[in-house]
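The values are calculated or read from the model by the stated rules, or taken from the named source; none is laboratory data. Because the structure is a prediction, the values reported are computed rather than measured. Cβ: placed from backbone, ideal geometry, glycine included. Neighbour counts: every protein chain shown.
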Amino acid sequence: MLADVEPQVSSPVLVGRSAQLSALAGDADTPAPEPDRLGLTAREFEVLRLVAAGRSHREIAGELFISAKTASVHVSNILAKLGVTSRGEAAATAHRLRLFDSFPPADAGALAPSRTAG
């Protein structure tokens, strides 16, 4: 099964990051240490919070007053630093490590059932 397969990591940076993530994942009840932030800059950490909340590049850009391209670059840097390959994996890592106490509320209108006149 895929769960039994250990990923092959060759880069010294990724080996260190992988060990750090593994150590943190072992104690999911403890929030991530504030000063470390997994090697992410303060801005990347903020972008990760929004990615984990399900925001798109465009939504991240609007909220942080940056371009969608800049948001995309931040996300790419986050993926590389976390050693993951997708936004979903980055979000799952953030949730698993309990990096954020709470996530921004989703757009209530997007979740509400549509009402039709009738």
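Using the structure shown, decide if residue 96 is modelled with pLDDT of 60 or more, more than 18 Å from residue 45 (Cβ to Cβ), in contact with a helix residue (DSSP H, G or I) (Cβ under 9 Å, 6 or more places away or on another chain) and of a type in the set (D, E, K, R). In short, no.
Cβ-Cβ contacts under 7 Å between residues 6 or more apart (or on different chains), taken from a first residue in the stretch 86-98 that is part of a helix (DSSP H, G or I) to a second residue that is loosely packed, with under 13 Cβ neighbours inside 10 Å and modelled with pLDDT under 90, are listed as 96/25; 96/28. Looking only at residues in the stretch 42-76 that are among the polar types (S, T, N, Q) and not in a helix (DSSP H, G or I), the one that is nearest to residue 98 (Cα to Cα) is 56.
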